[in-house]
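Written below as structure tokens is the structure these notes are about.
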Amino acid sequence: MKDKSKASPAPDWLDPRNNRKTPYTKAELDIFTDDFIARMSDTKAWKNLVAEVGEPNARDVLKQRLAAQDGNSLFNWQPGGLLN
């Protein structure tokens, strides 16, 4: 029997109710960083960053930039309302 409680005909991965509510973990950010470097290691931007700050620091910069793109990250948090 079909589940009729589902309001949207869209696939599950497009349903906004399934959006993640937590920031990416450190392990997920490590995977994203490794994948990004594997795909982009021959680009001028990556080579310039490595030349500028060294490879370990370039990885950290990249990881911070990837974390900042996460909508659930505290990097993106803005206070709402009055500040005391």
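The values are calculated or read from the model by the stated rules, or taken from the named source; none is laboratory data. Only a predicted model underlies this, so the values are computations on that prediction, with no experimental measurement involved. Neighbour counts run over all protein chains shown; Cβ positions are idealised from the backbone, glycine included.
General observations
- Within the stretch 57-72, considering residues that are surrounded by fewer than 17 Cβ atoms within 10 Å (Cβ to Cβ) and free of Cβ contacts under 8 Å to residues at least 24 places away in the same chain, the one nearest to Thr22 (Cα to Cα): Gly71
- Positions within the stretch 20-33 being of a type in the set (S, T, N, Q) and loosely packed, with under 10 Cβ neighbours inside 10 Å, in sequence order: Thr22, Thr25
- Which listed residue, of Lys2, Lys44, is over 19 Å from the mean Cα position of the chain (by Cα), farther than 15 Å from Arg65 by Cα and either β-branched (Val, Ile, Thr) or at pLDDT 80 or above (or both): Lys44
- Selection over the stretch 34-46 of residues that are loosely packed, with under 11 Cβ neighbours inside 10 Å and touching a residue at least 24 places away in the same chain (Cβ under 8 Å) gives a count of 0.
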